[in-house]
Amino acid sequence: MLKLNDVALRMGDFDLCADLSIAGPGVTAVIGPSGGGKSTFLSLIAGFQVPDKGQIFWNDTDLTALSPGARPVAMLFQDNNLFPHLDSLSNVALGEAPVAHPSSETKERAREALKRVGLTGLEFRKPSELSGGQQSRVALARLLLTNRPVILMDEPFSALGPSQRKEMLALVKELLPAATILMVTHDPDDARDTKQTVVVSNGLVSSPHETTALFADPPPALRAYLR
């Protein structure tokens with residue numbers, strides 16, 4: 001269970017407030033207008049931002065004062081954050097061992113992760129030699145090696161077409177069935193493929209609602225966004 005207890009953050013003239021619990025496993029969509037606070041919400045959970053008040057818990061562990069690397073959290077960014085000078089195998093190995101020369105055991109696990117995302121034979125290609133969809137799969141393979149129970153995805157598949165986004169989300173669900181996943185998206189169709197949705201608008205983070213029911217009778221903030 002991921003909990004944000006009376007969390008508040010001020011950044012200049014922008015305030016973010018969050019008081020909610022997110023049960024896992026599974027994918028929770030995070031949706032709302034641009035500038036509403038979605039990425040800031042993820043940054044608080046990841047530890048890139050420190051709240052001015054409140055606490056963040058994973059189960060019974062208080063994460064609030066922990067550094068990003070000490071949290072049980074992994075993050076997948078919009079640009080996949082792959083190192084352009086490294087091949088796919090080396091990029092994936094960084095998920096387990098962020099060192100220049102990973103062990104043979106780590107390389108073998110990276111090779112297996114690439115196999116699981118359907119990239120056998122592309123281990124030694126660099127990001128520039130891969131399609132957008134293949135780059136997303138490399139980033140997902142690296143995520144598998146982090147072995148973290150909380151996964152934050154900030155519009156990770158926005159550069160892909162609708163069918164590829166649907167395919168990648170299905171792959172995430174298949175490969176990370178035990179993880180609690182929060183996925184920021186601007187596309188309502190992406191959100192509709194998740195079990196629950198959090199709406200973030202004007203710095204206010206809602207409690208999660210069952211997705212189908214939420215879209216059937218959207219609150220004012222979501223209704224305005226969907227127009």
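Has segment 194-204 got at least one residue that is of a type outside the set (Lys, Arg) and farther than 30 Å from Ala8 by Cβ?
Filtering segment 194-204 down to residues of a type outside the set (Lys, Arg) leaves 194, 196-204.
If we keep only those that are farther than 30 Å from Ala8 by Cβ too, we end up with none.
Checked segment 194-204: no residue is of a type outside the set (Lys, Arg) and farther than 30 Å from Ala8 by Cβ.
Against the definition (touching a residue at least 60 places away in the same chain (Cβ under 8 Å), in the same structural domain as Val172 (by TED's automatic domain parsing) and within 21 Å of Leu214 (Cα to Cα)), how does Ala46 come out, yes or no? The answer is no for Ala46. Scanning segment 155-170 for residues that are under 14 Å from Gln135 (Cα atoms), crowded, with 17+ Cβ neighbours inside 10 Å and not charged (D, E, K, R) yields Pro156, Phe157, Leu160, Met168. Taking the conditions (1) over 18 Å from the mean Cα position of the chain (by Cα); (2) assigned by TED's automatic domain parsing to the domain that holds Glu167; (3) at pLDDT 95 or above in turn, Ser67 satisfies each one other than (1). Residue count for segment 76-95 under the criterion of being buried (at least 18 other Cβ atoms within 10 Å of the Cβ) and farther than 20 Å from Arg109 by Cβ: the result is 0.
Residue-wise test of (1) closer than 21 Å to Ala110 by Cα; (2) not basic (Lys, Arg).
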| site | (1), (2) |
| --- | --- |
| Gln134 | yes, yes |
| Arg148 | yes, no |
| Pro177 | yes, yes |
| Leu182 | no, yes |
| Asp187 | no, yes |
| Ala191 | no, yes |
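Residues that are polar (S, T, N, Q) and touching a Ser or Thr at 6+ places or on another chain (Cβ under 7 Å): does segment 89-99 have at least one? Spell out the reasoning first.
Residues of segment 89-99 polar (S, T, N, Q): 90-91.
Checking which are touching a Ser or Thr at 6+ places or on another chain (Cβ under 7 Å) leaves us with none.
For segment 89-99, residues polar (S, T, N, Q) and touching a Ser or Thr at 6+ places or on another chain (Cβ under 7 Å): absent.
The values are calculated or read from the model by the stated rules, or taken from the named source; none is laboratory data. Small disclaimer: the values here were computed from a predicted structure and weren't measured. Heads up, the Cβs are rebuilt from the backbone with ideal geometry, glycines too, and the neighbour counts pull from every protein chain shown.
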